[in-house]
Amino acid sequence: MAIAVVQDWPEEETDRSTTNYDAVSERLQASDAPHQGLLVHTAGFTGNGFRIFEVWESREDFERFVNDTLMPIVQDLAPGDDRQPDTTIYELHGFMTAGE
């Protein structure tokens with residue numbers, strides 16, 4: 001079952017820095033690790049912080065990516081930073097792509 005993952009990183013409205021996101025994104029794009037199960041990834045400012053919205057084929061695919069690929073990069077780039085986003089995960093009733 002496809003799932004949506006919403007991660008909110010609350011920040012001051014004036015904080016528009018993407019330094020951390022850009023560093024992680026660069027490492028992910030340079031890695032040979034497949035992002036198996038990832039259907040869509042978006043990121044941007046909400047006015048209350050930074051939001052990442054993704055759709056995954058399954059919760060298992062998402063959890064495998066976080067544990068095996070994402071977290072080792074985050075821990076390497078920001079050792080000791082234990083901040084976590086407010087995360088919501090829910091099953092999707094429908095998912096449509098352009099042209100369908």
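The values are calculated or read from the model by the stated rules, or taken from the named source; none is laboratory data. Here the structure is a predicted model, which is why all the values come from computation and not from measurement. Reconstructed Cβ throughout: ideal geometry from the backbone, glycine too, with neighbour counts over all protein chains shown. Only protein heavy atoms, including side chains, enter the accessible area calculation; ligands, DNA and RNA are left aside. Shrake-Rupley method; radii C 1.70, N 1.55, O 1.52, S 1.80 Å.
Descriptive notes on the structure:
- Relative contact order [Cα under 8 Å, 6+ residues apart], the chain, whole percent: 45
- Phi to ³J(HN,Hα) by Karplus 6.51 cos²θ - 1.76 cosθ + 1.60 over segment 65-73, Hz, x for Gly, Pro: 4, 4, 6, 8, 10, 5, 4, x, 5
- In this structure, the amide hydrogen of Ser58, modeled 1.01 Å from its nitrogen in the peptide plane, lies closer than 5 angstrom to those of Ile3, counting only residues at least 5 positions away or on a different chain.
- DSSP-assigned coil residues among trypsin sites (Lys or Arg not before Pro) in segment 19-100, each with at most 16 further Cβ atoms within 10 Å: Arg83
- Both the radius of gyration and Dmax for the chain are 14.2, 45 Å, in that order, over alpha-carbon atoms.
- Surrounding net charge for Glu63, when Lys and Arg each add one and Asp and Glu each subtract one, Cβ distance under 13 Å: -3
- For segment 24-37, Karplus couplings with θ = phi - 60° (6.51, -1.76, 1.60), whole Hz, Gly/Pro x: 5, 4, 4, 5, 5, 5, 7, 7, 8, 5, x, 9, 4, x
- Radius 10 Å from Cβ of Ala2, net charge of other residues (Lys, Arg +1; Asp, Glu -1): -2
- Segment 1-58 - Debye-derived log10 I(q)/I(0), Cα point model, q = 0.15, 0.22 Å⁻¹: -0.52, -0.95
- Equivalent ellipsoid semi-axes, segment 47-100, via Cα gyration tensor eigenvalues times 5, rooted, Å: 26, 16, 11
- By accessible area with a 1.4 Å probe, ligands and nucleic acids excluded, highest first: order of Val66, Val40: Val40, Val66
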